[in-house]
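Undergrad: I am attaching a structure below and will ask some questions about it afterwards.
The values are calculated or read from the model by the stated rules, or taken from the named source; none is laboratory data. All values derive from a computational prediction rather than experimental measurement. Ideal geometry is used to build each Cβ from the backbone, glycine not excepted, and the neighbour counts take in all protein chains shown. Quick note on the areas: whole protein, heavy atoms, side chains included, nothing else; ligands and nucleic acids left out. Shrake-Rupley method; radii C 1.70, N 1.55, O 1.52, S 1.80 Å.
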Amino acid sequence: NDVDISTITNEIGRLEKGSLFAFGHSIRRKNIDERWHEEGYISGSLDNSDEPRNSSDLLRKFCNEIVPYLESMILHQSPLKINTLDYVNEIRNNLKTGNLLREGIDVNHLDKIHSFIHTMGERFQSTGNIPVFLVLSHGDFCPANMLNTRHGLRIVDWESTTPRSALFDFYSYFYFRSVHQKLPLDTLNSEINTALPYVISKFESIAPEISKSLKSSEKIYRWLYYIERISMLIERKRYDTKHNILDVILRFINVFDHYEEISA
């Protein structure tokens, strides 16, 4: 009851996006005023474990099962072409005007988050106002939200679905392993360097403009994922009382910073 109706309405609206895909779920009933909804039941085993699977197995599964789902979401609707500086400034202004970092955060942690956002802003300034594509994004596209069922792999938890940069879900899938399963970053770097060219090649014939953008602005899309992810988690901190979101934010920032050192 401490969550406002508009937040609940937006979340259920996003959840309903999952019904658009065969690998998603359905919203059977809902009552916004009473603050509940009923989802279709999915029976299956979680696709993640405490110990991350080896890279060869993960990449095989990614190419065979995950990439078709990414294609479906990216091509579901016409992509929105935007300029990076405009988009990043909009995200930063939303964080500032919403005072989303104001309450209940240690000063040192707050400084670390502000410093990261400032650094990302400077990186985008240095590259200029480059056009990129926004597409429909699940938001938490990772093994923890994937179920192996007798009908194939199913994706749950669509409450964060909204348009984001075209590689957001791609990076969500791989960074999950380093942030939540402590996969070494050199291994993560190797996996991304193998998987990303494959993903880009899949769009060369069906969406050549997107493929060209991903190929020429790979670093920009990675940086966009960083600032979108942190912004998304900061907003989530307002209403998620089950998880230590601040700890998750700081873990992401630590992984992002170290990954940039490796990739450099």
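Undergrad: Under a cut-off of 24 Å between alpha-carbon atoms, report the lysines in cross-link reach of Lys202, not counting same-chain residues fewer than 8 places apart.
TA: Counting by Cα, and skipping residues close in sequence, Lys202 has these lysines nearby: Lys17, Lys61, Lys81, Lys212, Lys215, Lys219.
Undergrad: A further question on this structure: Would you mind giving the three semi-axes, in whole Å and largest first, of the ellipsoid equivalent to the chain according to its Cα gyration tensor?
TA: 26, 25, 20
Undergrad: Give me the distance in nm between label points sitting 7 Å out from Cα along the Cα-to-Cβ direction at Val107 and Arg14, one decimal.
TA: Each label point is offset 7 Å from its Cα along the Cβ direction, giving 3.3 nm.
Undergrad: Please identify, among Arg28, Arg229, Arg177, the residue showing maximal mean-square fluctuation in a Gaussian network model of the chain using a 10 angstrom Cα cutoff.
TA: Checking each option, the largest mean-square fluctuation is seen for Arg28.
Undergrad: Where nothing but the Cβ of Lys and Arg (+1) and of Asp and Glu (-1) is charged, how large is the charge dipole of segment 193-264 around its Cα centre, in debye to the nearest 20?
TA: For segment 193-264, the charge dipole is close to 200 debye.
Undergrad: Something else: Along the charge dipole of the chain, Cβ charges K/R +1 and D/E -1, which of Phe252, Phe141, Asn1 sits furthest on the positive end?
TA: Phe141
Undergrad: Next question, about the same structure. Kindly report the accessible area of segment 1-52 per residue (heavy atoms of protein chains, probe 1.4 Å, no ligands, DNA or RNA), in Å².
TA: Here the residues of segment 1-52 average 67 Å² of exposed surface.
Undergrad: Per DSSP H run of n ≥ 4, the term is -39500 (n - 2.57); total these for the chain, divide by its residue number, and report the mean residue ellipticity at 222 nm rounded to 500 deg cm²/dmol.
TA: Per the formula, -17000 deg cm²/dmol.
Undergrad: When the accessible area of the chain is computed with all protein chains present and a 1.4 Å probe, what percentage of it is carbon and sulfur?
TA: Of the solvent-accessible surface of the chain, carbon and sulfur hold 46 percent.
Undergrad: Defining a contact as two alpha carbons under 8 Å apart and six or more residues distant in sequence, what relative contact order in percent does the chain show?
TA: Once normalised by length, the contact order is 23 percent.
Undergrad: Can you compute the charge dipole magnitude of segment 174-217 about its Cα centre, using +1 on each Lys and Arg Cβ and -1 on each Asp and Glu Cβ, nothing else charged? Give it in debye, rounded to the nearest 20.
TA: My answer is approximately 80 debye.
Undergrad: Right, here's the next one. Find which of Phe124, His180, Ile66 sits farthest along the positive direction of the dipole of the chain, computed with +1 on the beta-carbon of Lys and Arg, -1 on that of Asp and Glu, about the Cα centre.
TA: Of the candidates, Ile66 comes out farthest on the positive side.
Undergrad: Below 10 angstrom from the Cβ of Ile192, what's the summed charge of the other residues (Lys, Arg +1; Asp, Glu -1)?
TA: Once positives and negatives cancel, what remains is -1.
Undergrad: Suppose every K and R has +1 on its Cβ and every D and E has -1 on its Cβ; what is the size of the dipole of the chain about the Cα centre, in Debye to the nearest 20?
TA: In debye, rounded to 20, the chain gives about 400.
Undergrad: With every protein chain in place, what's the accessible area of His243 (1.4 Å probe, Å², nearest 10)?
TA: Its accessible surface works out to 110 Å², give or take rounding.
Undergrad: Relative contact order for segment 1-113: what is it in percent, counting Cα pairs under 8 Å that are at least 6 residues apart?
TA: Reported relative contact order: 13 percent.
Undergrad: Rounded, prolate or oblate, given the Cα gyration tensor of segment 120-264, with a/c below 1.5 counting as rounded?
TA: Note, shape of segment 120-264 comes out rounded.
Undergrad: Quick check on the chain: of the DSSP beta bridges with both residues there, what percent are antiparallel, nearest 5%?
TA: Beta bridges within the chain, antiparallel portion: roughly 100 percent.
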